[in-house]
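Accompanying notes for the structure given below.
Throughout, read-outs are computed from the coordinates displayed, never taken from laboratory work. Keep in mind that this is a model prediction, so the values were computed, not measured. A quick note on method: Cβ atoms are made from the backbone with ideal geometry, for glycine too, and the neighbour counts reach across all protein chains shown.
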Amino acid sequence: MLHDALLVAGKDLRLEARSRVTTNLVAPFAVMVLLLFAFALDDADVLVSATPGLFWVTVLFAALLAIQRAFSVESADGTRDALRLSGLDPAGVFLGKAGAIVVQLLALELLLGCGVALLYGATLGGPVLLVATALVATVGVAAAGSLYGVLAAGLRIGATLLPLLLLPVVAPVLIAATQAFIAAAQGVPGEGWRWFGLLAVFALIYITFGIFAFESLLEES
Amino acid sequence: MTIDTAADPVAEPRRRFPGVRSEGTGSRGSRVLGLVTLAGMAALLLFGLVLSPQDPGPNEMGQTVRIMYMHVPVAIIAFLAFGVTAVGSIMYLWKRSEFWDLTAAASAEIGVFLTAATLATGMIWGKFAWGTWWVWDARLTTTALLLVLFLGYLAVRRLPGPPEQRSKRAAIAGLIAFVDVPIVHYSVDWWRSLHQPATVSRFDPQIDGLLLFSLMLGMVVFLLAYWWLMIHRFRVALMESRLEERGLDVALAARRAEAEATAPVAATPAGVRP
C-alpha cells in the first residue's frame with residue numbers, strides 16, 4: 001500500500017513539476033487573495049490580529065484549486081480507468097493523491113507564511129507548534145479533499161460542487177488551525193496543543209475513512 | 001391508421017409500476033397517522049399557546065418561552081433524521097438494498113428542512129431573548145454548519161449517473177458528512193468557550209408541570225410528523241426510481257414504434273413505387 005502510495009504521489013508531483021500549474025497559477029492566486037484581504041480590511045492592526053485566520057482561509061481556497069487539479073488530471077483521457085486497471089491498491093492511490101496534495105500545500109504555506117510576514121508585518125512565534133499545526137491541518141484538508149475530489153471529478157458541475165462539499169467539512173480545521181496559530185503567536189503553546197490534538201483526530205479519521213472508502217469511489221465514479 | 005391502444009408498447013408500462021400504488025403515496029395506515037398528527041398539532045397549539053403558563057423562571061422569558069414547544073422538538077428530530085441518514089448509509093453499503101438508500105435520502109431531506117426550521121425558530125427566539133438575530137453561540141454555529149453539510153449531501157444525491165453508482169456515492173458522502181458532526185461540535189464548542197465563559201443556557205432546565213407536558217407533547221407530535229413525512233417521501237422516491245427504470249424502456253418502445261411506422265416508406269426507393 002505504501003509503495004503504491006509513493007508511486008502515485010511521485011507521478012503526481014512529477015506531473016506538477018512539468019506542468020507547473022501550482023507554481024504558475026495556484027501560488028499567484030493565493031498571493032492575490034492575501035492582497036485582497038489587505039484591501040478589504042484596510043487597517044494594519046486589524047490585519048495583524050486577523051493574520052492566522054486569513055492565512056488559513058487562503059490555504060483553504062488554494063487547497064480547493066489543488067484538489068480539483070489533482071483529480072481533473074485523472075479524468076482526462078480515461079487515465080482514471082488506467083489507474084483502476086493498473087492493479088495499484090486503491091488505499092495506496094488515495095494516500096498517494098493526498099500525499100502529493102500535502103506536499104504542494106506545504107510549499108504554498110511556506111510561501112504564504114513569508115507573505116503574511118512581509119505584507120502584513122505579522123510576527124510568527126512558537127515555531128514547533130506552528131510547523132506541527134500546519135502539518136496535521138494540511139494532512140486533514142488533503143485527506144477530506146481527496147475523498148470529495150474523486151467524488152466530484154469528471155462531473156460537469158464538479159468544480160462548483162467541491163467548495164460546497166469540502167468547506168463545511170473542513171470548517172473545524174479552519175477554527176482549530178487558526179486558534180493554534182493564535183496561541184503560538186501569543187506564546188501560550190499549551191492552549192495550542194489542544195487544538196493540535198483536534199486537528200490530529202480530524203486527519204486520522206479522514207485518512208482511515210479514505211483508506212476504506214476510496215476503492216468504492218474510484219470504482220464507481 | 002388507428003393505433004390499437006391495448007397493444008401499444010408505449011402505453012403498457014404506464015399502467016402500473018411494481019411496488020408502487022397508482023393512486024398515490026397514501027395508504028390507510030399513513031392516512032390514520034396523518035390524522036393523528038394533525039390532531040396532535042391542534043392539541044400542541046392549544047397547550048403551547050393557551051393552556052401552558054408563561055415562563056415563571058428566573059430567566060424572565062415570559063411569553064417567548066412558547067416557541068420552545070416547537071424549537072426543541074424540531075431540533076431533536078432534525079438530529080434524529082440525520083442519524084437515520086447515517087444508519088441508512090451504513091446499511092446501504094452493507095446490504096446494497098434500495099430500501100436503505102431511499103430511507104437515507106428521504107430522511108436527509110426532511111432533516112435539512114427541520115434544521116432550517118430549528119435555525120429560524122432559534123433566531124426568532126434569540127431576537128426577543130438576546131435582542132439579536134444571531135450570536136456565535138456554539139449550538140447555533142454547529143447547527144448552521146450541519147445544515148450546509150447536509151445540503152452538500154443532497155447535492156451529491158442529485159448528481160447524474162447510473163442508479164447504483166449514485167446510491168453508493170451518496171452513502172459515502174453521507175458518512176463523510178456525518179463523522180464530521182462531532183468534530184464540528186467540539187471545535188465550535190472550544191472556540192466559543194475561549195470568548196465567553198459559558199454559553200447562555202437557552203432554557204431553564206428546571207421546568208415542570210404543564211410546561212414539561214407541552215414540551216413532551218411537542219416531541220411526540222413532531223416525531224409523528226417526521227414519520228408521516230418519511231412514509232410519503234420514501235414512497236415518492238420509490239416511484240421516481242421505478243419511473244426512471246421504466247423511462248428508458250418507454251423511450252426505446254417509442255423509437256421502435258416510430259421506426260416501424262416510417263420503415264416501409266423509407267425502404268422503398270423513390271420512383272419505383274407501384
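One table, with the values for the structure above:
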| quantity | calculated |
| --- | --- |
| Rg/Rh ratio calculated on Cα atoms of the protein assembly as shown (Kirkwood radius) | 1.06 |
| Count of Lys pairs (Cα-Cα under 30 Å; at least 8 positions apart or interchain) in the protein assembly as shown | 5 |
| Volume in Å³ per residue [convex hull over Cα atoms, computed for chain A] | 113 Å³ |
| For the stretch B:31-181, fraction of C-alpha pairs farther apart than 18 Å, in % | 64 percent |
| Where labels lie 7 Å past Cα in the beta-carbon direction, separation of residue A:32 and residue A:7 in nm | 3.8 nm |
| At least 20 Å along the helix axis (C-alpha) and Kyte average at least 1.0, DSSP helices within chain A | A:27-41, A:44-75, A:90-115, A:127-152, A:158-186 |
